[in-house]
């Protein structure tokens, strides 16, 4: 579904150049859930933006579904850390914004929007406005908006990073359920080691800037995964391997 080959991203400023991503090659199979974890500033979000076609590459190539990415990818849903809901639109209208922008027939998608809201526990909130919702509820609406046009690829950039611990756990469970039901290809950016392991088939560990792939870890844990899996020895082995990579970068230094 995604093929990244020798990808490089260089930001050129007036006084200096910043190499954000350097020599990244990665294949993601259709229906695979891939988490990307790494330190701040390592190019995780930049990588996602290039896959979406929202940021040009400096060199190398990206293909999505066999087509070279040279501009915005249309068969994609994106969820950012901030929900970016429009305060003057209702919950239902925020979800259908994608349909309006794409000039699709709104009536054909209203039932699907209500179904998605029910799936994430927000049935009855169709006419509410974002100011009436908690942070977790707003992010659920954002997820529904990304899914409304049934994309084959879902890109998520630290979508749960601003949520409290309990809400974040519930969002992880909700996302896992949606992924199991529909098996969309997922590229999920996170700072959280446990979140990366809990959700993914494959965890990509990126090095500090310039971002390179330091580790590729296949997670062989049965699904659906319950939160209690985090207490198992198997889960601990995967987490420890990622943590060891961070320590090799000079992070997580223990006296």
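A short reminder: the numbers here are calculations on the coordinates, not readings from a lab. Not measured: the values here are computed from a predicted model. Virtual Cβ from ideal backbone geometry, glycine too; neighbours counted across all protein chains shown.
Here are the numbers:
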{"quantity": "Pairwise Cα inverse-distance average, inverted: Kirkwood Rh of segment 83-150 (Å)", "calculated": "11.5 Å"}
{"quantity": "Ranked 88, 179, criterion: other C-beta atoms within 10 Å, fewest first", "calculated": "88, 179"}
{"quantity": "Rounded tilt (10° steps) of 233-248 against the dominant C-alpha axis of the chain", "calculated": "60 degrees"}
{"quantity": "Debye-sum result for segment 131-191 in log10 I(q)/I(0), which assumes one identical scatterer on each alpha carbon, at q = 0.30 Å⁻¹", "calculated": "-1.52"}
{"quantity": "DSSP-defined beta bridges in the chain - what % are antiparallel, rounded to 5", "calculated": "50 percent"}
{"quantity": "Segment 3-67 and segment 152-182: distance between their alpha carbon centers, rounded to Å", "calculated": "22 Å"}
{"quantity": "Choice from 72, 208, 159 with maximal GNM fluctuation in the chain (Cα, 10 Å cutoff)", "calculated": "72"}
{"quantity": "Two-site label geometry, residue 192 and residue 11: point separation in nm, points 7 Å out along Cα→Cβ", "calculated": "2.6 nm"}
{"quantity": "Potential lengthening between residue 129 and residue 75 on full extension [0.36 nm per residue; Cα-Cα distance subtracted]", "calculated": "16.7 nm"}
{"quantity": "Principal axis dimensions, segment 139-255 - Cα atoms, whole angstrom, descending", "calculated": "47, 33, 27"}
{"quantity": "Rounded tilt (10° steps) of 107-119 against the dominant C-alpha axis of the chain", "calculated": "60 degrees"}
{"quantity": "MRE, 222 nm, helices only [DSSP H, n ≥ 4, -39500 (n - 2.57), over the chain, to nearest 500]", "calculated": "-10000 deg cm²/dmol"}
{"quantity": "Compactness relative to 2.2 N^0.38 Å, alpha carbon Rg of the chain", "calculated": "1.03"}
{"quantity": "Bins of 5 Å, starting at 0 and running to the largest distance - Cα pair percent for segment 1-112", "calculated": "2, 9, 17, 19, 16, 14, 11, 8, 3, 1, 0"}
{"quantity": "Calculated FRET efficiency for the pair residue 183/residue 220, C-beta based, R₀ 30 Å, to 0.05", "calculated": "0.95"}
{"quantity": "Max mean-square fluctuation residue, GNM over the chain, Cα-Cα springs under 10 Å, options 105, 70, 216", "calculated": "105"}
